[in-house]
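To start, the structure under review is shown below, and the notes come after it.
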Amino acid sequence: MSTSAGTRTTSVASVRERLRQRGIDATRRLNDALGLSADLSDAKLLGTALAEIVVEESARNRPLATRIRVRYDELSAMRGAPKTVGPGKNTDQLPALVLIRRDLPYRQSDPSAPPDPKWLTLAYGHHQLARALQDYTLDMLKMTADRVQAEHPGTRPANRGRKAAVIDYIVKYSGE
């Protein structure tokens, strides 16, 4: 029995070491690519800068966000951690949005702006509004909910911490 536990401990340690080494190697390659100092003591600072830029880029570039998610799941699988499906998240793909109006004037897109439910309703119809809002982060949806709440005093989402509840609120008060 102790042999099995010893092998498992060695295996876990080996996986941890491989993941640690991959992190070190990736940091070195990024330092080289950016022309930064080879001092790895700033790895946390570099990680913060990288995370902030990736958040911005992921909002504009869904394939990038997908690649990051796939890589994260691969690394999690190496470690033996469960896949990254949080509470209330559905692993099924969302249905494609279908434009119902093609005669709308050109509108400059700002990926950092919260969604405009009135414009989304014009473009996709009220029946697809909830689906269209799924593409936004909870923080962006909360900003939209704040605007809806200002237009409808005395109302509020059932739970501002849940994306589904915020979407339901926006859809309810952004009527047809």
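Every number here is computed from the coordinates shown, using simple stated rules; none is lab data. All figures in this text were calculated on a predicted structure; none of them were measured in a lab. With ideal geometry, Cβ positions are generated from the backbone for all residues, glycine too; neighbour counts draw on all protein chains shown.
The alpha-carbon of Lys142 sits under 13 angstrom from the alpha-carbons of these aspartates and glutamates, leaving out residues fewer than 8 places away in its chain: Asp116, Asp168. Between segment 12-62 and segment 133-176, how far is it from one alpha carbon centroid to the other, in angstrom? Computed from Cα coordinates, the inter-centre distance equals 35 Å. Here's the picture: charge each Lys and Arg Cβ at +1 and each Asp and Glu Cβ at -1 in segment 14-72, and of Ser37, Ser14, Leu64 the one pushed furthest to the positive end of that dipole is Ser14. From zero up to wherever the largest Cα-Cα distance of segment 89-176 sits, split into 10 Å bins and tell me the percent of pairs in each. The calculated distribution, bin by bin, is 17, 50, 30, 4.
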